[in-house]
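Below you'll find the structure, written out as structure tokens, and then a few comments.
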Amino acid sequence: MVKRILIAGSVAALVAANAGEVAAQGFKPTRPIEFLVHTGPGGGNDLLARAISNIVEKEKLLPVRMQVTNKTGGGGITAMSYLSEKKGETHTIALFANTWVNGPLMSKEAKVTLKDLTPIVRLVTEPGVIVVKADSPYKSLKDFIDDAKKQPGQLKQSGGSIGSRDNIVRQLLMKNTGTQWAYISFPGGGERRAALLGGHVQIMVMDPQEAGEHLRNGSLRILAQIAEKRMASLPDVPTVPEAGFNIPNYLVIRGVVGPPDMPAEAVKFWEAFFAKVAKTAAWKKYLQDNLFEDGFQTTAELVKFVDVFTEQARTVLKDAGVKIYR
Amino acid sequence: MEIFSGLLQGFAVALTPVNIMWCFIGCFLGTIVGILPGLGPPATIAMLLPLTFQMNPTSAVIMLAGIYYGAKYGGSTTSILLNVPGESASVVTCLDGYQMARNGRGGAALGIAAIASFIAGTFGVIMLMLVAPPLAKFALAFSSPEYFALMCMGLAMVVLLAGKSMVKALLAMLVGLWIAGMGTDLFTAESRFTFGQAELLDGIDFVVVAIGVFALGEVLGNMETREGVAMLPVPKGLRNLLPNVEELKACRFAFLNGSVVGFIIGILPGAGSTVASFISYGIEKAVSKHPEKFGTGVPEGVAAPEGANNAETGGAMVPMLTLGIPGSGTTAILLAAFILWGLKPGPLMIQDNPELFWGLVASMYIGNVILLILNIPLIPLFAQILKLSQYVLYPIIFGISVVGVYSVSDSLFDLSLLTFFGLLGYCMRKLDYPQAPLILGLVLGDAMERALRQSLMMSQGDLSILVSRPLSAGMLVLTALVLAVPMFRKANAWRMKAID
């Protein structure tokens, strides 16, 4: 009798101990996972996806394989509509980036927004730096803004498409200071940098990894960093608000999203799974090598964040004179 | 002396058995990727990236670079044999290469393509080694106004690509320019000519148009004629399959032209090998003693673009290695790979990793030799394809075209576009419209429009920016000269008649 009570007791204890895990394991992947990205091979999200699937494979975090699929086109819109057609599917997930938020705002053809899909977690945020050539007369962001005030519209910035962070930061700065300078779009990162290094434009927003090498070589100077707080690798460079310009910190984000109507237990599973990935040493090393920041957010946090983030982009883009469709 | 010791060090790295093996694997994979239309080096390198994480970075870059320049060797094969461009830069090779094959000189065309690739590829490496740092500065002096002038020069080549009728050539070019304008506008994020189709937001892929207009158009046209093309003549014996002395002699200038043009355009981050191949073909035709024979299967018409296409590799490595600036899709992925291996691409990379730079340079010399040895024996094998009769060959071309187009972006929509452009190519053949100007307009239109708008944004709408900068002004003058070539020719012909 005593024995039986003991057994019953230990079984109960075991059940209680496992309850948390069991709830998360209501769903278990049984087939290869389709891991969708909107960039071609070698693009930002493609490299991130391949790095993740590499970590997952090495650390044996999944019983099945993660297969990266590229659905390029329309700055993410093709991938988004592909994902939206997989209603309720549990084995297809995708990496999203800023363009999944901004793209649908600016495109008549888009039929889906990030909110129509199932946001799961946010993984990284990427800081940026505002740079000039080393022989430029501007020693601080204030120098540049002052000069822009003196000759409105004459100074130039090179950058990507009009919906990119480069332009959004410019818009925020121009609105804050009442200045104007030109923005010249280049499709490739190489051409943007060449325009700055060749002296054809005066200023540019760059990713810190690339700027770091030019800094070491003495060909560029960083005026300010676009980050919540100073990066460990750039302890002496002020953030934009520290440089005297109180604009909101516009983030470059990357995270995971599922198709519409993904069952709750699958969402839970993937949320817990990516929380586990984000804790591995390999992931931390990856972030460090690329000078990314750990921007992990749970599903609940992310859903709220997407609303705020979309509103921010809509306001800025409208101010920039971009046609907003939704 | 520094170069000498560096190169010695490089060969010490590249000649280790392991690195020779990786170099061979890269070249071999590259050749295959080049032969298959659609799947290009960027996609291949991205797929292979995870495998290289465990490798020594130098070995890895030797292999991946091998894929890059190896694909350029292979790209000409299907252009010459089947009129299916294996990759975008091989479109120009179709013009004379395919005609050579139809004249029974398919093997010779393949041989000339391989030799031109070898000479220009090696030239590119030598230049990369000797003058990389000063040339990187030249690349930076190039900005939007200069690119606009360069694209104008490219577009002016249309007068040289035109067949009998200049009007028809210009019309075809305009259609190409129109197609190039489709998709999302970079500057305003608005969509143009998408007809509400999300699939058209990125415009139409160049590969779809090129394969449709060239390969499918050709097949449809040939199926109609039936007689005469049942079997293409393939001479017996290895000796007759390879280029003969006269053919090689005819190509002397083309080898040099392709090498120089390809390398210079390769350095510029905003141009690319397709532009390089068009321009070198145009130059070749402009200086030729028998320009009227271009398009009927002259060996120079194969040697110049193939050379340009291969020298471009060495050029594109200049800004990549000295500044960390990618000039093409493939170099962008190679740079991303450097970061994954823990290297820091940027202006100090050569200084920090001399063994990698010199190892890569040395391996490219070795790789070019490997490719030549690999490609020449394949010629008799590939030439056998031409012996196949129509009802076997045409379905193969259809199959290769469909698979090639589908592999670019896994899109069924692209296949319906392919059908459309196949029919367009057929109609153009029937109505005697040249196809090359359409492709030229399509290749250059996008970059040209962008460069013009960027220039005008820089100058706040002042057009004089295009002529006030010496480099762009110089190129615009050259453009005017190119446009005047046919007039000179005509005037000359009249004078000759008058003398007679």
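The values are calculated or read from the model by the stated rules, or taken from the named source; none is laboratory data. In this text, all values refer to a predicted model and were calculated from it rather than measured experimentally. Please note: Cβ atoms are built from the backbone with ideal geometry, for glycine as well, and neighbour counts cover all protein chains shown.
Among the residues of the stretch B:127-137 satisfying the criterion of being crowded, with 16+ Cβ neighbours inside 10 Å and farther than 16 Å from B:Ala271 by Cα, which is farthest from the other protein chains (Cβ to nearest Cβ)? It would help to see each step written out before you state the result.
The initial filter retains those residues of the stretch B:127-137 that are crowded, with 16+ Cβ neighbours inside 10 Å, namely B:127-129, B:132, B:135-136.
If we keep only those that are farther than 16 Å from B:Ala271 by Cα too, we end up with B:127-129, B:132.
Values: B:Met127: 19, B:Leu128: 17, B:Met129: 21, B:Ala132: 15 Å.
This residue is B:Met129.
If I filter the stretch B:411-441 down to residues being under 23 Å from the mean Cα position of the chain (by Cα) and in a loop (DSSP other than H, G, I, E, B), which single residue comes out as surrounded by the most Cβ atoms within 10 Å (Cβ to Cβ)?
B:Gln435
Inside the stretch A:45-62, can you point out the residues that are more than 8 Å from every other protein chain (Cβ to nearest Cβ) and crowded, with 21+ Cβ neighbours inside 10 Å?
Hits for the stretch A:45-62 are A:Asn45, A:Leu48, A:Ala49, A:Ile52, A:Val56.
Specify the residue that is nearest to A:Gly44 (Cα to Cα); the eligible residues are those in the stretch A:190-208 that are within 7 Å of chain B (Cβ to nearest Cβ) and out of contact with any Ser or Thr (no Cβ under 7 Å at 6 or more places or on another chain). Steps first, answer last, please.
Initially, the stretch A:190-208 is screened for residues within 7 Å of chain B (Cβ to nearest Cβ), giving A:190-191, A:193-195, A:197-198, A:200.
Those left that are additionally out of contact with any Ser or Thr (no Cβ under 7 Å at 6 or more places or on another chain): A:190-191, A:193-194.
On the way: A:Gly190: 14, A:Glu191: 17, A:Arg193: 17, A:Ala194: 20 Å.
Top of the filtered list is A:Gly190.
Scan the stretch B:285-314 for residues that are in contact with a Cys (Cβ under 6 Å, 6 or more places away or on another chain) and among the small types (Gly, Ala, Ser) and report the count. Please lay out each step first, then the result.
Here is the first cut: in the stretch B:285-314, the residues in contact with a Cys (Cβ under 6 Å, 6 or more places away or on another chain) are B:299-300, B:303.
Going one step further and asking which of them are among the small types (Gly, Ala, Ser), we end up with B:303.
Total meeting the criteria: 1.
Can you tell me which of A:Val257, A:Val322, A:Val316 is under 20 Å from A:Thr113 (Cβ atoms) and in a helix (DSSP H, G or I)? Break it down into steps so the answer makes sense when it comes.
Working: A:Val257 fails: in a helix (DSSP H, G or I); A:Val322 fails: in a helix (DSSP H, G or I).
Exactly one of A:Val257, A:Val322, A:Val316 is under 20 Å from A:Thr113 (Cβ atoms) and in a helix (DSSP H, G or I), namely A:Val316.
Run down A:Ala224, A:Ala211, A:Ala232 and say which single residue is surrounded by fewer than 20 Cβ atoms within 10 Å (Cβ to Cβ) and farther than 19 Å from B:Leu456 by Cα. Steps first, please.
Values: A:Ala224 fails: surrounded by fewer than 20 Cβ atoms within 10 Å (Cβ to Cβ); A:Ala211 fails: surrounded by fewer than 20 Cβ atoms within 10 Å (Cβ to Cβ).
The conditions single out A:Ala232.
For the stretch A:303-319, which residues satisfy the criterion of being touching a residue at least 24 places away in the same chain (Cβ under 8 Å) and over 14 Å from A:Asn98 (Cβ atoms)? Write out each step before concluding.
Let us first name the residues in the stretch A:303-319 that are touching a residue at least 24 places away in the same chain (Cβ under 8 Å), namely A:303, A:305-307, A:309-310, A:312-314, A:316-317, A:319.
Matches in the stretch A:303-319: A:Val303, A:Asp307, A:Asp319.
Check A:Arg314 against each of (1) buried (at least 17 other Cβ atoms within 10 Å of the Cβ); (2) over 26 Å from A:Met206 (Cβ atoms) and name the one condition it does not meet.
In the conditions (1) buried (at least 17 other Cβ atoms within 10 Å of the Cβ); (2) over 26 Å from A:Met206 (Cβ atoms), A:Arg314 misses (2) alone.
Pull up the stretch B:345-375, narrow it to residues that are within 12 Å of chain A (Cβ to nearest Cβ) and surrounded by fewer than 19 Cβ atoms within 10 Å (Cβ to Cβ), then point me to the one that is nearest to A:Asp207 (Cα to Cα).
It comes out as B:Leu348.
Just to verify a result, which residue in the stretch B:138-161, among those that are more than 17 Å from B:Leu481 (Cβ to Cβ) and among the hydrophobic types (A, V, I, L, M, F, W, C), is surrounded by the fewest Cβ atoms within 10 Å (Cβ to Cβ)?
Quick first cut of the stretch B:138-161, residues more than 17 Å from B:Leu481 (Cβ to Cβ) only: B:138-148.
Filter again for among the hydrophobic types (A, V, I, L, M, F, W, C), leaving B:138-142, B:148.
Numbers: B:Phe138: 16, B:Ala139: 24, B:Leu140: 20, B:Ala141: 14, B:Phe142: 23, B:Phe148: 25.
Per the stated criteria, the residue is B:Ala141.
As an exercise: evaluate B:Phe253 against (1) over 12 Å from the mean Cα position of the chain (by Cα); (2) in a helix (DSSP H, G or I); (3) modelled with pLDDT of 90 or more; (4) closer than 23 Å to B:Arg102 by Cα and give the number of the one condition it does not meet.
For B:Phe253, the failing item is (4).
If you check B:Ile379 against the conditions, is it within 30 Å of B:Cys251 (Cβ to Cβ), out of contact with any Leu (no Cβ under 7 Å at 6 or more places or on another chain) and among the β-branched types (Val, Ile, Thr)? Working first, answer last.
On the way: within 30 Å of B:Cys251 (Cβ to Cβ): yes; out of contact with any Leu (no Cβ under 7 Å at 6 or more places or on another chain): no; among the β-branched types (Val, Ile, Thr): yes.
In short, no.
How many residues, within the stretch A:46-71, are touching a Phe, Trp or Tyr at 6+ places or on another chain (Cβ under 8 Å) and either among the polar types (S, T, N, Q) or assigned to a loop (DSSP other than H, G, I, E, B) (or both)? I'd like the intermediate steps shown before the answer.
If we filter the stretch A:46-71 for residues that are touching a Phe, Trp or Tyr at 6+ places or on another chain (Cβ under 8 Å), which is where we start, we get A:49, A:51-55, A:61-62, A:66-69, A:71.
Remaining after also requiring either among the polar types (S, T, N, Q) or assigned to a loop (DSSP other than H, G, I, E, B) (or both): A:53-54, A:61-62, A:67, A:69, A:71.
Number satisfying all stated conditions: 7.
Which of the residues spanning the stretch A:101-131 are assigned to a helix (DSSP H, G or I) and within 14 Å of chain B (Cβ to nearest Cβ)?
The first filter runs over the stretch A:101-131 and keeps only residues assigned to a helix (DSSP H, G or I), leaving A:101-106, A:114-116.
If the condition is that a residue be assigned to a helix (DSSP H, G or I) and within 14 Å of chain B (Cβ to nearest Cβ), then A:Val101, A:Asn102, A:Gly103, A:Pro104, A:Leu105, A:Met106 are the ones that fit.
Return yes or no: is A:Lys108 over 21 Å from the mean Cα position of the chain (by Cα), surrounded by fewer than 23 Cβ atoms within 10 Å (Cβ to Cβ) and closer than 23 Å to B:Thr184 by Cα? Give the steps one after another, and end with the answer.
Values: over 21 Å from the mean Cα position of the chain (by Cα): yes; surrounded by fewer than 23 Cβ atoms within 10 Å (Cβ to Cβ): yes; closer than 23 Å to B:Thr184 by Cα: yes.
Spelling it out, A:Lys108 is indeed over 21 Å from the mean Cα position of the chain (by Cα), surrounded by fewer than 23 Cβ atoms within 10 Å (Cβ to Cβ) and closer than 23 Å to B:Thr184 by Cα.
One line per residue, one yes/no per condition, for (1) among the hydroxyl-bearing types (Ser, Thr, Tyr); (2) part of a helix (DSSP H, G or I); (3) within 14 Å of another protein chain (Cβ to nearest Cβ); (4) touching a Pro at 6+ places or on another chain (Cβ under 6 Å):
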position	(1), (2), (3), (4)
B:Gly270	no, no, yes, no
B:Ser277	yes, yes, no, yes
B:Tyr281	yes, yes, no, yes
B:Gly301	no, yes, no, no
B:Leu335	no, yes, yes, yes
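Where in the stretch B:1-99 are there helices (runs of 4 or more DSSP H), lying wholly inside it, with at least 2 residues that are closer than 25 Å to B:Ala271 by Cα and within 14 Å of chain A (Cβ to nearest Cβ)?
Numbers: elements: B:2-14, B:17-35, B:41-52, B:57-82.
Those helices (runs of 4 or more DSSP H) span B:41-52, B:57-82.
Here is a list of conditions, (1) in contact with a Ser or Thr (Cβ under 8 Å, 6 or more places away or on another chain); (2) under 21 Å from B:Val287 (Cβ atoms), and B:Leu186 meets all of them except one; can you say which number that is?
The number of the failed condition is (2).
For B:Leu174, only one of the following conditions fails: (1) crowded, with 20+ Cβ neighbours inside 10 Å; (2) more than 26 Å from B:Met317 (Cβ to Cβ); (3) in contact with a Gly (Cβ under 7 Å, 6 or more places away or on another chain); (4) not basic (Lys, Arg). What is its number?
Condition not satisfied by B:Leu174: (1).
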